[in-house]
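The values are calculated or read from the model by the stated rules, or taken from the named source; none is laboratory data. Predicted model, so just to flag it, every value in this text is computed and none were measured. Cβ placement follows ideal geometry from the backbone for every residue including glycine, while neighbour counts extend to all protein chains displayed. Ligands, DNA and RNA are stripped out before the accessible areas are found, and what is left, the full protein with its side chains, is counted by its heavy atoms. Shrake-Rupley method; radii C 1.70, N 1.55, O 1.52, S 1.80 Å.
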Amino acid sequence: MSKLGNLGARLHRGEISYDFIGHRKLWYGISILITITAILGLAVRGLNMGIDFQGGAVFTTAKHGSISVSQAEEAAKTASGHDAVVQKLGDGSVRIQIAGMDIEKSDEIKNDLAKDFKVDPETIAADLVGPSWGDQIAGKAWQGLAIFMVLVVIYLAIAFEWRMAIAALVALIHDITITVGIYALVGFEVTPGTVIGLLTILGYSLYDTVVVFDSLKEQTKDLTKQTRFTYSEVANRSINGTLVRSINTTVVALLPVAGLLFIGGGFLGAGTLNDISLSLFVGLAAGAYSSIFIATPLVADLKELEPQYKALKKRVLAKRAQSPAEGERGDETRTADGYDDDAEDAAPAVVGPRTQPASRGRGRGRPSGKRR
C-alpha cells in the first residue's frame, strides 16, 4: 500500500488524527479575513463584465495576416473609447470584442477600423448585443443561482437536517464570495462561461460537504447513549476519516483545470479559457477548504447548542475529570453501536453488600468429611 493510502487507512480507523474542530476559531478567522478581502476587491475594482452582460459589439475581420493583436487593440480603443478584447483566429481573421460601447456608433467604429486595417468596411462583420439583452442574461444567471441555493437547502434539510443545510449554505456563499472577489482583483472578464464555472464548483463543493456529512450522520447514531465522545469529537473523526478522499478528488479535479488556466490561458495565450478556468480553479480549492474547515465545524457548533448534546458534553468532561486515563486511551476498541463504554457505563449500579457466589465445582472430586 502507498504511503498516502496507508495514511488514509490510519485516519479512517482513528489511529491518527488532526484536531480540525478544536482549531475552528482559527479557520473562521482565516475565512473571515479572506472574505473581507474579496468583498473589498469587489467594492473597489468591481467586476469586468463581458459583452453578454453589459452589451456591446463584436467585429470580425476577413482573413488578414498583417494585423497583429496589439495593433487591433489600439485601433479598437481609439475608435470606440473602450478597452477591447482581441483574438487572432485560426484562419487568420481577427475578432474584436468591445463591451459597454454605444451600439448606435457601431457603423462609425466599423469604418474607423476599416481605415486603420486598410480593408473594405464590407469585409468586417459586426454582431451587436444590446444592454437590455445583457441585463436579461444577468437576471437569468442570478435566478439560476438563487434556485440552486434553495434546492440545496431543501435537499440537505430532508436528507440530513436543517443545521447541516445551514452549514452547507454558509460554505457555498463563502465559496461564491471568494471566487467572485478573485475575479474582481484579477480583472478577468465575466462571461456566461464564468457562470457555468460557478455552478459547477458549487456542485463539487456540495458533493465534498455531503461526503463528510454522511460519515458524520452515520457515526452520531445513538451518540447520547455513551459518555466517551462529544459531538465535536465525532465530527472531527468524520473529517479525518474522509480527509484523504477529499484531498485526492480535489487534486485530480484541479490538475486539468490548472492546465487550462496556466498553460492554455497563460502560456499559450488562449484568453477565452480564462473566464471558466479561473472560476473552476478558485472554486474547487475554496470548496474543498470550506467543506473541511467551515461546514463541519459549523455543524458541530450548532449541534452542541442543543440541550441533549450540551448535557452529553458535560457528562463526558465530568467522566474524564474523574478518570484522566479515559481521555488518553482513545478509541482502540468499539462496541457494536460504535462506541467503547466502560463496564461501569454498561452495567447497572449494584446496591448493598456484594457477596461472592459459590463455585459450582467447589469440592468436586474430594470426599466430604475429615481427612484421615
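Among the listed residues GLY139, GLY92, which satisfies the condition of being open to solvent by less than 90 Å² (accessible area, probe 1.4 Å) and at pLDDT below 80? Outline the logic, then answer.
On the way: GLY139 fails: at pLDDT below 80.
So the residue among GLY139, GLY92 that is open to solvent by less than 90 Å² (accessible area, probe 1.4 Å) and at pLDDT below 80 is GLY92.
How many residues are of a type in the set (Lys, Arg) and under 23 Å from ILE34 (Cα atoms) if we restrict to region 182-224?
Of the residues in region 182-224, 0 are of a type in the set (Lys, Arg) and under 23 Å from ILE34 (Cα atoms).
Which helices (runs of 4 or more DSSP H) sit wholly inside region 214-325 and have at least 3 residues that are surrounded by 18 or more Cβ atoms within 10 Å (Cβ to Cβ), at pLDDT below 90 and hydrophobic (A, V, I, L, M, F, W, C)?
Details: elements: 231-258, 274-290, 296-303, 307-322.
Where helices (runs of 4 or more DSSP H) fall fully within region 214-325 and carry at least 3 residues being surrounded by 18 or more Cβ atoms within 10 Å (Cβ to Cβ), at pLDDT below 90 and hydrophobic (A, V, I, L, M, F, W, C), they are 231-258, 274-290.
Any idea which of (1) modelled with pLDDT of 80 or more; (2) touching a strand residue (DSSP E or B) at 6+ places or on another chain (Cβ under 7 Å) is the one GLU74 doesn't satisfy?
Of everything listed in (1) modelled with pLDDT of 80 or more; (2) touching a strand residue (DSSP E or B) at 6+ places or on another chain (Cβ under 7 Å), GLU74 misses just condition (2).
Kindly check whether there is at least one residue in region 187-199 that is open to solvent by 40 Å² or more (accessible area, probe 1.4 Å), touching a Phe, Trp or Tyr at 6+ places or on another chain (Cβ under 8 Å) and in contact (Cβ under 8 Å) with a residue 24 or more places away in the chain.
Yes, that holds for at least one residue.
Given the conditions (1) open to solvent by 30 Å² or more (accessible area, probe 1.4 Å); (2) more than 16 Å from ILE294 (Cα to Cα); (3) touching a residue at least 60 places away in the same chain (Cβ under 8 Å), report the number of the one that TYR204 does not fulfil.
TYR204 satisfies all of (1) open to solvent by 30 Å² or more (accessible area, probe 1.4 Å); (2) more than 16 Å from ILE294 (Cα to Cα); (3) touching a residue at least 60 places away in the same chain (Cβ under 8 Å) except (2).
Filtering region 97-129 down to residues that are open to solvent by less than 60 Å² (accessible area, probe 1.4 Å), in a loop (DSSP other than H, G, I, E, B) and closer than 11 Å to THR61 by Cβ, which residue is modelled with the lowest pLDDT?
VAL119
Read through the list (1) surrounded by fewer than 18 Cβ atoms within 10 Å (Cβ to Cβ); (2) closer than 16 Å to LEU302 by Cβ; (3) touching a Ser or Thr at 6+ places or on another chain (Cβ under 6 Å), then give the number of the only condition that THR209 fails.
Every condition holds for THR209 apart from (1).
Which of the residues that make up region 31-76 are open to solvent by 40 Å² or more (accessible area, probe 1.4 Å), of a type outside the set (Val, Ile, Thr) and more than 30 Å from VAL119 (Cα to Cα)?
LEU33, LEU40, LEU42, ALA43, ARG45, LEU47, ASN48, MET49
Go through region 213-225 and give me each residue that's under 18 Å from ILE247 (Cβ atoms) and touching a Leu at 6+ places or on another chain (Cβ under 9 Å).
PHE213
Considering only region 53-66, I want to know if a residue exists there that is modelled with pLDDT under 75 and either assigned to a helix (DSSP H, G or I) or in contact with an Asp or Glu (Cβ under 9 Å, 6 or more places away or on another chain) (or both). I'd like the intermediate steps shown before the answer.
Of the residues in region 53-66, the ones modelled with pLDDT under 75 are 63-66.
From what's left, either assigned to a helix (DSSP H, G or I) or in contact with an Asp or Glu (Cβ under 9 Å, 6 or more places away or on another chain) (or both): 63.
Yes, there is a match, as at least one residue in region 53-66 is modelled with pLDDT under 75 and either assigned to a helix (DSSP H, G or I) or in contact with an Asp or Glu (Cβ under 9 Å, 6 or more places away or on another chain) (or both).
If I ask for residues that are among the aromatic types (Phe, Trp, Tyr), in a helix (DSSP H, G or I) and closer than 25 Å to GLY100 by Cα, which ones from region 150-205 would you list? Lay out the reasoning, then the answer.
Initial filter on region 150-205 (among the aromatic types (Phe, Trp, Tyr)): 155, 160, 162, 183, 188, 204.
Among the residues that remain, those that are also in a helix (DSSP H, G or I) are: 155, 162, 183, 204.
The one that is among the aromatic types (Phe, Trp, Tyr), in a helix (DSSP H, G or I) and closer than 25 Å to GLY100 by Cα: TYR183.
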